[in-house]
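Only one structure is covered here, and it is reproduced in the block below.
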Amino acid sequence: MKTILLVFTELLLLWAGITGSVVPAPSQSNCVKCHFDNEEENGPAHQIGRDIHQQSGLGCPDCHGGNSALDDMDAVRASSGYRGVPDRLEIPVFCSRCHSDARYMHEHNPSLSVDQLEKYQTSVHGMRLAQKKDRKVATCVSCHTAHSIGSAKLPYSSTYPPNLPITCGHCHADKAYMAEYGIPTDQLEKYTRSVHGIALLERGDLGAPACNDCHGNHGAAPPGIASLDAVCGLCHAIESRLFDGSPHRPAFVAQGLPMCETCHGNHEIAKPSDSLIGLAEGQLCATCHAADDQSKASADILKVSAGLRSLSIATDSAAHMLRMAGAKGMMITDEEFMLKEVGQIRVQARSTVHAFAADSLTPKVEEGITKAEDVRKRAVKLIEEYDFRRFGLGIASIFITLLALGLYLKIRRLV
Amino acid sequence: MQGPDPRKKQSLPQRLYRWADTRFSIGDLVDYMSHKTVPIHGHSIFYYLGGLTLFLFLIQVGTGILLLMYYRPGADSAYESVRFIVSEVSFGWLIRSLHSWSANLMIFVAFLHMFTVFFTQAYRKPREMTWFTGMALLGLGMAFGFSGYLLPWNELSFFATRVGTGMVHALPFVGDYLMQVLRGGDEVTGATIGRFFGLHVAILPAVFTLVIAVHLLFVQRQGMSEPIDWEGKPQGEKKTIKFFPNFLYRDLLLWLLALNVLALLAVFFPDGIGVVHWPLGQKADPFTPPPPVIRPEWYFMFAFQALKFLPAHLLFIEGELFGIIFFGLGGLIWLMIPFLDKNSNLNRRSPVFMWFGVLVVAFIVVMTILGYLLE
């Protein structure tokens, strides 16, 4: 019996070893077979299993040319159409053989555009590559990798939004690498701290912008002063529209100031708060406006600041009372929902600030304060209801206790 | 010469009694009850547990009827109606809280009642049928709890019911069919609420009322069980009190105290406390992921935890099925105790069964505690 068990166990272990130890090669072509055995672990043949081209049925010859059925490298080099490894300066054109071919792409991936090369040539990267033969600038493989290219929808892809800041930062955060270009290298560090970076990298909010959402993908370039509000306005449409109609727009244009960036910064955009608005030292508006200039603009700033502060106080007060009611075990679901509505109004009021007109803010602030006050009153009523319950309990308890006492005395008399 | 009119000397209750007596001969019943006695000894306090369970059941009947006036079964209305009850209906919160607290306390007191009967061997001849009906009542009480748990149709109750009803799936041959019968389909849906509602407010109350009537009839006919060591004691040395009014008044006193405690709990902890809680929370949504902690009512926790401890396969069968068979056989042995414990029928102590009882209590307590500690 023992022998049978031992043999069975050994067979099991052998089976586990067979199935668990061998990593199958991603493809059985001669190219992969040879390269897999002769290259380092991060070589092309090791990576190709995750590549979208390989997964779509394309093989090595589709990019590199040659006959993959041959098992001798020299014979492959001599075979028809062999292109080998492209020079770095040739990579964009190398990839565009297929990616700029509308007919070919339509057969393989109809949803993909075919203007990548065209856009790339307008980008800073593309222009430096073409004009200055700068071999350090980013080409297709710098962002997409050469042999593990994945769709931007896949979490392992270098262009998956949460991975993208690292992909760009690979060059742009490298001080030594960027030294000759004379541009800052703290973008990644700043972005990581920004409201966008926290949303994308910490909370995994794929709706938050990565580098490409502002700078573009293949046509990557710093947004110019004129186009900056258009870039921000892609997501912050209401704020952008309000700003366009505000007195600030012509003033900024006249002084050559970038629209959104002047107040919010660029890579390190912080979560805005009501305290930014005001004329006291350190507050944002005080950068340009003086507290004692008696102008309408300064009066408006103070009015907006006061309005937002009042709404904030009313909301906090309502939330505090509601928390108290909830802590007493009262049901506050409806009131919590109402408070969320107040929060929504507060967001709208903050957006309205971008019109830079106190009169357009006032109705929103008043609406929010009225609703917050309503929530507060309901919370107070709930707390009063709780006190009433305790009072009712006291009365009922006294009544029951007296009845019990009477019964107890009756029992004593019976004994 | 006419004598004084006897009606003029009688108080209103006396006149009412005379009125009823002349029509229904209730004097016979009072006479019977006044001759009935209750033994007095060191464990007499246990005699009150049955009455206390009955009182808590009556509270549930009363509050349940009031809840029924506003509750609307159905996936689109159950949660909303319970929310309406606790937030809009006058004293609705109190009624729901009293209903839930009395349900939990009733199961707790019923368990106590069962174990005190077990350890005093009060199940012995001639009270086998009283033991059986009592066990049936406990089972029905737990079924009340299980069916009522789903009715608010909130997140926790939905997922706990899905796990609970899913367990019967492990039964061979009939498991799949039984699960479909319970759920009214493959999944827990609005159809399940309909079934559980019908069970909770019609079928179970009808059966429970019938069984409790039989149980009380047995208790009244056979009286309270005397301690086993009273066997052979001279009648004169047996201390007793009259059932009516002495015992009944004490029972009433305890009911009043229980009512006070219930009111206190309902006001200060309307949603329960600790592991015994029933917050309404979010409405059930079958498409959302289950909450991190899915737990049944506390009185199912020992079985739930024991089943969780079981491996996927044990011996030749699935772990879950093994658990169901284990609890099924255990329950059967527990039920048949009056017949298995031969010593008790001879009015002798049974150390083996006493230790068995201790083991069962320890198992339930340890598994329940582990259930909450390990979740």
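The values are calculated or read from the model by the stated rules, or taken from the named source; none is laboratory data. If you're wondering where the values come from, they're calculated on a predicted model, not measured in any experiment. A quick note on method: Cβ atoms are made from the backbone with ideal geometry, for glycine too, and the neighbour counts reach across all protein chains shown.
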Review point. If we keep just the residues of the stretch A:346-366 that are β-branched (Val, Ile, Thr) and surrounded by fewer than 21 Cβ atoms within 10 Å (Cβ to Cβ), which is farthest from the other protein chains (Cβ to nearest Cβ)?
Key: A:Thr362
Check your understanding: Among the listed residues A:His236, A:His218, A:His196, A:His172, which satisfies the condition of being closer than 24 Å to A:Pro258 by Cα, touching a Lys or Arg at 6+ places or on another chain (Cβ under 6 Å) and of a type outside the set (D, E, K, R)?
Key -> A:His218
Check your understanding: Just wondering, is there one or more residues in the stretch A:369-379 that are within 14 Å of chain B (Cβ to nearest Cβ) and surrounded by fewer than 20 Cβ atoms within 10 Å (Cβ to Cβ)?
Key -> yes
Exercise for review: For residues that are closer than 17 Å to A:Val347 by Cα, hydrophobic (A, V, I, L, M, F, W, C) and surrounded by 14 or more Cβ atoms within 10 Å (Cβ to Cβ), tally how many sit in the stretch A:239-274.
Suggested key: 2
Revision key, fill the gap. The helices (runs of 4 or more DSSP H) lying wholly within the stretch A:154-245 that contain at least 1 residues that are touching a residue at least 12 places away in the same chain (Cβ under 8 Å) and closer than 26 Å to A:Ile52 by Cα are A:164-172, A:211-215
Point to revise | Every residue from the stretch A:381-409 that is at the interface with chain B (Cβ under 10 Å from one of its Cβ atoms) and in contact (Cβ under 8 Å) with a residue 24 or more places away in the chain | key: A:Leu382, A:Glu385, A:Tyr386
Exercise for review: Tell me the helices (runs of 4 or more DSSP H) entirely within the stretch B:261-340 that contain at least 3 residues that are among the acidic types (Asp, Glu), over 30 Å from B:Asp176 (Cα atoms) and under 20 Å from the mean Cα position of the chain (by Cα).
Suggested key: none
Practice item. Just give me the residues in the stretch B:65-74 being surrounded by 15 or more Cβ atoms within 10 Å (Cβ to Cβ) and either within 11 Å of chain A (Cβ to nearest Cβ) or not in a loop (DSSP other than H, G, I, E, B) (or both), in sequence order. Key: B:Leu66, B:Leu67
Point to revise | Residues (β-branched (Val, Ile, Thr) and in a loop (DSSP other than H, G, I, E, B)) located in the stretch B:75-125 | key: B:Val89, B:Thr120
Practice item. Determine which member of the set B:Leu257, B:Leu335, B:Leu340, B:Leu359 is at pLDDT 90 or above, within 14 Å of chain A (Cβ to nearest Cβ) and closer than 29 Å to B:Thr130 by Cβ. Key: B:Leu257
Practice item. Exactly one condition in (1) within 19 Å of B:Asn260 (Cβ to Cβ); (2) surrounded by fewer than 22 Cβ atoms within 10 Å (Cβ to Cβ); (3) modelled with pLDDT of 95 or more is not met by B:Ser102; state its number. Key: (2)
Exercise for review: Answer with yes or no whether B:Trp278 is touching a residue at least 12 places away in the same chain (Cβ under 8 Å), buried (at least 19 other Cβ atoms within 10 Å of the Cβ) and in contact with a Phe, Trp or Tyr (Cβ under 7 Å, 6 or more places away or on another chain).
Suggested key: no
Review point. Identify, please: which residue in the stretch B:76-99 is among the small types (Gly, Ala, Ser) and either surrounded by fewer than 23 Cβ atoms within 10 Å (Cβ to Cβ) or closer than 30 Å to B:Leu254 by Cβ (or both) and is, among those, nearest to the other protein chains (Cβ to nearest Cβ)?
Key: B:Ser87
Exercise for review: May I ask you to list the residues in the stretch A:246-287 that are under 29 Å from the mean Cα position of the chain (by Cα), of a type in the set (A, V, I, L, M, F, W, C) and part of a loop (DSSP other than H, G, I, E, B)?
Suggested key: A:Leu257, A:Ile269, A:Ala270, A:Ile277
**Study point:** Criterion (in contact (Cβ under 8 Å) with a residue 40 or more places away in the chain, away from every other protein chain (no Cβ under 14 Å) and either within 30 Å of B:Ser344 (Cβ to Cβ) or in a helix (DSSP H, G or I) (or both)) met by exactly one of B:Met179, B:Met167
**Key:** B:Met167
Review point. How about the stretch B:215-233: which of its residues are closer than 15 Å to B:Arg349 by Cα and either part of a helix (DSSP H, G or I) or within 22 Å of the chain's Cα centre (by Cα) (or both)?
Key: B:Ser225, B:Ile228, B:Asp229, B:Trp230
Check your understanding: Is there a residue in the stretch A:326-340 that is facing chain B (nearest Cβ under 10 Å) and under 26 Å from A:Arg309 (Cβ atoms)?
Key -> yes
Review point. Which residues, counting only those in the stretch A:146-157, are crowded, with 18+ Cβ neighbours inside 10 Å and among the hydroxyl-bearing types (Ser, Thr, Tyr)?
Key: A:Ser148, A:Ser157
Check your understanding: Out of B:Phe300, B:Phe287, which single residue is without any contact (Cβ under 8 Å) to a residue 12 or more places away in the chain and among the hydrophobic types (A, V, I, L, M, F, W, C)?
Key -> B:Phe287
Practice item. From A:Arg309, A:Arg350, A:Arg412, grab the single residue that is without any contact (Cβ under 8 Å) to a residue 12 or more places away in the chain and among the basic types (Lys, Arg). Key: A:Arg412
**Study point:** Conditions (1) buried (at least 17 other Cβ atoms within 10 Å of the Cβ); (2) more than 22 Å from the chain's Cα centre (by Cα): number failed by B:Val109
**Key:** (2)
Review point. Does any residue of the stretch A:118-137 turn out to be within 22 Å of the chain's Cα centre (by Cα), under 27 Å from A:Cys63 (Cβ atoms), crowded, with 17+ Cβ neighbours inside 10 Å and among the aliphatic types (A, V, I, L, M)?
Key: no
Review point. Hey, among B:Ala206, B:Ala266, B:Ala284, which residue is buried (at least 19 other Cβ atoms within 10 Å of the Cβ), more than 11 Å from chain A (Cβ to nearest Cβ) and closer than 30 Å to B:Asp76 by Cβ?
Key: B:Ala284
Review point. If we keep just the residues of the stretch B:228-248 that are of a type in the set (A, V, I, L, M, F, W, C) and in contact with a strand residue (DSSP E or B) (Cβ under 6 Å, 6 or more places away or on another chain), which is farthest from the other protein chains (Cβ to nearest Cβ)?
Key: B:Phe243
Practice item. Pick out the one residue from A:Ser96, A:Ser56 that is at pLDDT 85 or above and surrounded by fewer than 16 Cβ atoms within 10 Å (Cβ to Cβ). Key: A:Ser56
Check your understanding: Checking B:Ala303 against (1) surrounded by 18 or more Cβ atoms within 10 Å (Cβ to Cβ); (2) facing another protein chain (nearest Cβ under 10 Å); (3) within 30 Å of B:Val366 (Cβ to Cβ), which test does it fail?
Key -> (2)
